[in-house]
1. Report the full-extension gain for the segment K60 to D227: residue separation times 0.36 nm, less the Cα-Cα distance, to one decimal in nm.
2. Can you give me the relative contact order of the stretch 126-172 as a percent, contacts being Cα pairs under 8 Å and 6 or more apart?
3. How much solvent-accessible surface does E203 expose, in Å² to the nearest 10, with a 1.4 Å probe and all protein chains in place?
4. For K200, list the lysines whose Cα falls under 16 Å from its own Cα; do not include residues on the same chain fewer than 8 positions away.
5. Candidates [x] 83, 45, 37; [y] 75, 59, 43; [z] 62, 48, 32; which is the computed Cα extents along the principal axes in Å?
6. Just the accessible area for Y237, please: 1.4 Å probe, Å², rounded to the nearest 10?
7. Going toward the positive end of the dipole of the stretch 84-130, with +1 on Lys and Arg Cβ and -1 on Asp and Glu Cβ, which of F97, L85, F109 do you reach last?
8. Shape call for the stretch 151-307 from the C-alpha gyration tensor, a ≥ b ≥ c root eigenvalues: rounded (a/c under 1.5), prolate (a/b greater than b/c) or oblate?
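The values are calculated or read from the model by the stated rules, or taken from the named source; none is laboratory data. Just so it is clear, the model here is predicted, and its values are computed rather than measured. Please note: Cβ atoms are built from the backbone with ideal geometry, for glycine as well, and neighbour counts cover all protein chains shown. All accessible areas refer to the heavy atoms of the entire protein, side chains included, with ligands and DNA or RNA removed. Shrake-Rupley method; radii C 1.70, N 1.55, O 1.52, S 1.80 Å.
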Amino acid sequence: MIDGLLPLSWSRIDTYLRCPRRFYIERVLGEKQPETPAMLLGKAVHEALETWVRTGDNEKALEKIDMIEDYETARMRYYSGRSLLKGFTPRAIELRFGLTYKLEPTDFFSDDCFFRGIVDIVTKTDFGLEIYDYKSGWSRPDPRQIFSYAMALHRYGKKINRAGFILLASHEIIDFEIGEDELETSTRVLYKVYNDLDSKETEEDFPKNLEGCGYCPFRKRCLEEGDDFEAKLNNAYILNEEAKEVMEKARKIVKETGEPIQITEETAYGPVETLKMKINGKKEEKAANEAEIMRWLLENRPEYLRISETIPEEIELPPEIRSLVRWEPSVSIKMMPRKKALAKEA
């Protein structure tokens, strides 16, 4: 095995499973990714909730998010966590653990530490101990993370009955019963990743996974030279992921400010209000209305057969069909002539 890959943690395992090349850049070459606003927000909210659980002091907890750029989002995440934690009986927070290769307890910083982690909160219920991890983003977490934490505490002699995640963005808790299957799954994954890493000797042993390019700060390192189609396709995919993130950031700016972003002297990126067709009714009634509209379109306007949302309001529909639909204003963000954007501003 290449030196410096141990101890394993779930974040390192997750990185490796998503993209071995990124794991290599971070763990072998030691290149640290810059902290993004989302990472800083998550860290601050995490510290705020930890402070609140420890002290019950809301003012001290809020101090942890005072300097976050997107304060309003951080504040909502914090209060979401406080609400979800109601009824919890914390027994430990920020609980560190370490396991040896034989999965025996050891110190978090010990030289023989093979796998380590930090459990955000351990709580006690009438049914036993439960553990949870905070997540501040929108993506769904991998349950194997919390399974591995339950397995580690099991090795410390603590029986964990349930384990899950406190999702601060969507304001929900997802949890799982912990039995032998969950404990065995986490153990298998841990040893499989280790055995895979143990066979690695060179950079070529860490292939890239283009499906893991989203939000990867190192993706441009995977651009290829050459004019062959495969290289062009590889580069197009990577640059497309970059473009999607830029466009997402631009949409957020436009939504927050309500103002277009000038791209060139002739072009701007900004809000455009349109009317979109909606089918009336709910469930069965809506389905019946949709079927009726489709029959009419098939016979009269097949170019709109898919019941496009962009069917114009001025389209000639018989009264019995028009009564089944409505047009509602909708704002989309897209490229537009700059003169049009300036006119909207005025």
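1. Result: 54.4 nm gained on full extension.
2. Once normalised by length, the contact order is 56 percent.
3. The value for E203 is about 80 Å².
4. K192, K208
5. Computing Cα extents along the principal axes in Å and matching it to [x] 83, 45, 37; [y] 75, 59, 43; [z] 62, 48, 32 gives [y].
6. The accessible area comes out at roughly 90 Å².
7. Of the options given, the answer is L85.
8. It comes out oblate by the Cα gyration axes.
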